[in-house]
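Since every read-out is calculated from the coordinates, none of them should be taken as a lab result. If you're wondering where the values come from, they're calculated on a predicted model, not measured in any experiment. Neighbour counts are summed over all protein chains in view; Cβ atoms, including those assigned to glycine, are modelled from backbone coordinates with ideal geometry.
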Amino acid sequence: MAKIESPRELFVHKLGAALTMEETILRMLEEIAEKAKDPQLKQNLRQHLRETQQQVHNLERAFAALGVEPESQPTATIEGLEREGEQNLKDVDDSLNDAVILAGVIETEAHEIAVYDVLITHAEGMGEEDIVALFQENLEQEQATLKKARDATKKLAQRVGQPV
């Protein structure tokens, strides 16, 4: 017999996975901020760390609104992105750290956006508008971070492409 038996239980399970995802990303942000070379990138990573702390709080508030204790769930995608990023940082010259970090940020943000899209859609269907607002705040932060990372990647690629 399946352990998840209702749409609400599935939603709570997905919410737990989102919480684990954000907690994992908090740890990752602390680690990669130390490895970044560009001061602006370091600053952006630290800013996103603060936003991610708020996102964790928003997810905890969603659990409270549902009257459910937060329960962590596995997040294979984020764990895979973390392992890939760690390996890439080991494989490249330190001068390429920022490019590796930005690629990882773009991939991670794209996944987070998809997660929040699913949570928002599900919460809307359940009529949980207060929770939708919390997820929407998180989604907008993720979208802004993705845009910053894309812009920084383009600038870095343009600098690298310039003759010395």
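Full extension of the chain between E9 and A144 gives 45.6 nm of extra length, using 0.36 nm per residue less the Cα-Cα distance.
Hey, can you list the DSSP H helices of the chain whose Cα span along the axis is 30 Å or longer and whose average Kyte-Doolittle score is at least -1.0? Membrane-span-like by this rule: 7-35, 97-125, 129-161.
Relative contact order for segment 70-162: what percent, with Cα pairs under 8 Å and sequence separation of 6 or more?
On the way: 46 pairs, mean separation 27.9, N = 93.
Reported as a whole number, the value is 30 percent.
Summing Lys and Arg as +1 and Asp and Glu as -1 over all other residues whose Cβ lies under 14 Å from the Cβ of S72 gives a net charge of -4.
Mean residue ellipticity at 222 nm, helices only, the chain: -29500 deg cm²/dmol; runs of at least 4 DSSP H residues each add -39,500 (n - 2.57), and the sum is divided by the number of residues.
Overall, the chain carries a charge dipole of about 640 debye about its Cα centre when +1 sits on the Cβ of Lys and Arg and -1 on the Cβ of Asp and Glu, all other atoms neutral.
Say R0 is 41 Å: what FRET efficiency, to the nearest 0.05, do M126 and Q87 get from their beta-carbon distance?
Here the calculated transfer efficiency is 0.55.
The mean sequence separation of alpha-carbon pairs under 8 Å and at least six residues apart, normalised by the residue count of the chain, gives a relative contact order of 26 percent. Look at the dipole of segment 1-95 built from charges on Cβ: of Q53, T20, A36, the Cα furthest out on the positive end belongs to Q53.
An oblate overall shape is assigned to segment 43-88, the ratio a/c of its alpha-carbon gyration tensor axes (a ≥ b ≥ c) being 1.5 or greater and a/b not exceeding b/c.
Calculated on C-alpha atoms, the gyration radius of the chain divided by its Kirkwood radius gives an Rg/Rh of 1.03.
Dipole of segment 91-164 computed with +1 at Lys/Arg Cβ and -1 at Asp/Glu Cβ about the Cα centre; of S95, L119, V160, farthest Cα towards the positive end is V160.
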